[in-house]
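The values are calculated or read from the model by the stated rules, or taken from the named source; none is laboratory data. Source: prediction; values computed, not measured. We place every Cβ from the backbone using ideal geometry, glycine too, and count neighbours over all the protein chains shown. Heavy atoms of the whole protein, side chains included, go into the accessibility calculation; ligands, DNA and RNA do not. Shrake-Rupley method; radii C 1.70, N 1.55, O 1.52, S 1.80 Å.
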Amino acid sequence: MSSFVTLSSGQRMPMVGLGTWKSSPGQVKQAVLAALECGYRHIDCAAAYGNEQEVGEALALWIGPGKALRREEVFVTSKLWNTKHEPQDVEEACRTTLAHLGLSYVDLYLMHWPMAFQRGQELMPRRADGSIRYSDTHYRDTWRAMESLVDKGLVKAVGLSNFNARQTDDVISIARHKPVVNQVECHPYLSQTDLLSHCRSVGVSVTAYSPLGSGDRPWASPDQPCLLEDSRLAAISQRHQKTPAQIILRWHIQRGVACIPKSVTPSRIQQNLEVFDFSLSQEDMKLIESINCNERLIVPTVERDGKKVWRDAGHPHFPF
Ligand code: A2P
C-alpha cells in the first residue's frame, strides 16, 4: 500500500497529512513540529482556520537552506475562504496565506466551499437574524481566478473542497487547470461511496476531512454518536492491536482516500501515521463500510418547523 497518491497533475501527495482545523493558535505550532518530527510530509491548512501564521512559524524551523527539509519535501495545502471569491480578491487572499505560511508557493490551493459570502474582513458575515450574507459570485468565476495562481507560480495545483459531483463536473467542464482534489467530509458514518466513485471516474482524488469524525467540532451534541467509541470498531481494533483511530485511517487509505487527521497531542499525531504496517481484510473493510449512516457531522443543523435542516443552506450553490 503506497503512502502517496499521485494526483492528475503528477504531484505525489502523502496519503496522511496533519489536519489543522480547530487547532488553536498556541497549540498548532507544537502540533506541526511534532508531526514533522515523526515523519509527516503533508500539512493541511486554510485561511479560515485563523492559525496559518503559527503553522508558518513551525514550517520555518524545518524547511529551507540549512534546515532538515527542502521545500519540495513537504506537501502544503491551503484554501481560499468564502469571503474571497470575487475574482479580484483571489490573488491577494492567496498572497496573504503565503505570507502567513512563510512560503513562496503552496502545493495545492482549494476553493474551501462552492458558495460565496459577502466580501470583506468578517469571516462569517451574518445578518441580524443570524443568516449568512451570501454573494452571487459564481464558483466558476472564482475558479478562473484561481487558475491564474497556477500560471503565476503561486500554487502548484488547484482543487475543490465541499463540492458535490455535479459541481465538480461543472468546474471540470470549464477548467484550464483541472481540479486535482476534492476534499470532503468523509468517515465511516459518512462513507461518501457515490461521490468517491464519481471523483475517481473523472480523475479527481479525494481527501477526507474530519476522517475520525471530528469529536471536537464546536457544535457536537451529546446525542450524536461518537465514532471513535463505536463498539463495532472496537472489535476490529482489538483483533489488530491497533487503536480505533488507526483502524479508521487504514480504512480510508485502503479505499484510496487521503486523510488529514487533526490532533494537537504528540502521541496521537505519531499514532496516526503508524498505519502502514498492517492491513484490514475484505471482511473488516465491509464491516466498517456497513456502519455508514450518511451522518454529516460538520455542517451545523437547526430545527425549523419541527425538521432538522442545515443552518446555512440558503444559497443555490449549497452543496448538500
Ligand atoms: P486532539 O487534537 O485533542 O488530540 P478529526 O481529524 O476527525 O477532525 O478528529 C479530530 C479529533 O480527534 C480531535 O478531538 C483529536 O484530539 C482527536 N484525535 C486525533 N487523533 C486521535 C487518536 N489517535 N485517538 C483519539 N483521538 C484522536
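Once you put a point 7 Å from the Cα of GLU289 and another 7 Å from the Cα of ARG239, both along the Cβ direction, what distance in nm separates them?
The two pseudo-label positions are separated by 1.5 nm.
On a full-extension model of 0.36 nm per residue, what is the gain between ASP216 and SER2, subtracting their alpha-carbon distance, rounded to one decimal in nm? Intermediate values should be presented prior to the final figure.
Values: separation 214, 0.36 × 214 = 77.04 nm, distance 2.95 nm.
My answer for the length gained is 74.1 nm.
Rounded to the nearest whole Å², what accessible area per residue is found for segment 193-261 with the 1.4 Å probe?
Values: 2950 Å² over 69 residues.
The answer is 43 Å² per residue.
Name the shape class, rounded, prolate or oblate, that the alpha-carbon gyration tensor gives for segment 71-160, where a ≥ b ≥ c are the square roots of its eigenvalues, rounded holds for a/c under 1.5, and otherwise prolate holds if a/b is larger than b/c and oblate otherwise.
Working: a/c = 2.45, a/b = 1.85, b/c = 1.32.
It is prolate, given that a/c is not under 1.5 and a/b is the larger ratio.
Please label the shape of segment 239-305 as rounded, prolate or oblate, based on the square roots a ≥ b ≥ c of the eigenvalues of the alpha-carbon gyration tensor (a/c under 1.5 means rounded; beyond that, a/b larger than b/c means prolate, else oblate). Intermediate results must be reported in sequence, preceding the final value.
Working: a/c = 2.58, a/b = 1.41, b/c = 1.82.
Oblate is the answer for segment 239-305, as a/c is 1.5 or above yet b/c matches or exceeds a/b.
Could the peptides 172-180, 118-126, 140-148 be put in order, highest first, of the mean number of other beta-carbon atoms found within 10 Å of their residues? Can you show the working numbers first?
On the way: 172-180: 16.6, 118-126: 12.9, 140-148: 20.0.
The densest-packed peptide leads the list: 140-148, 172-180, 118-126.
How big is the charge dipole of segment 99-211 about its Cα centre, in debye rounded to the nearest 20, if each Lys and Arg gets +1 on its Cβ and each Asp and Glu gets -1 on its Cβ?
Numbers: 12 positive and 11 negative charges, 36 e Å.
Using only the charged Cβ atoms, the result is roughly 180 debye.
Suppose a student asked you for the relative contact order of segment 47-117, using Cα pairs under 8 Å spaced at least 6 residues apart; what percent would you report? Working shown, then result.
Working: 81 pairs, mean separation 30.1, N = 71.
About 42 percent, as a whole number.
Answer rounded, prolate or oblate for segment 78-218, using the Cα gyration tensor with square roots of eigenvalues a ≥ b ≥ c: rounded when a/c is under 1.5, else prolate when a/b is larger than b/c, else oblate.
Values: a/c = 1.42, a/b = 1.10, b/c = 1.29.
In terms of gyration-tensor shape, rounded.
In whole percent, and with a 1.4 Å probe on the protein chains, what portion of the accessible area of the chain is carbon and sulfur? Could you put the intermediate results ahead of the total?
Values: 6850 of 14030 Å².
The nonpolar share, carbon plus sulfur, comes to 49 percent.
Just tell me which lysines come within less than 28 Å, Cα to Cα, of LYS84; anything on the same chain fewer than 8 places away is out.
LYS22, LYS29, LYS152, LYS156, LYS178, LYS262
With n ≥ 4 as the cut-off for DSSP H runs, can you work out [θ] at 222 nm for the chain, using -39500 (n - 2.57) per run divided by the number of residues, rounded to the nearest 500? Write down the numbers at each step before the final one.
Details: 10 runs with 104 residues, N = 320.
Value at 222 nm, helices only, nearest 500: -9500 deg cm²/dmol.
Please compute the per residue accessible area over segment 1-93 with all protein chains in place, 1.4 Å probe, rounded to a whole number of Å².
Numbers: 3730 Å² over 93 residues.
Dividing the accessible area of segment 1-93 by its residue count gives 40 Å².
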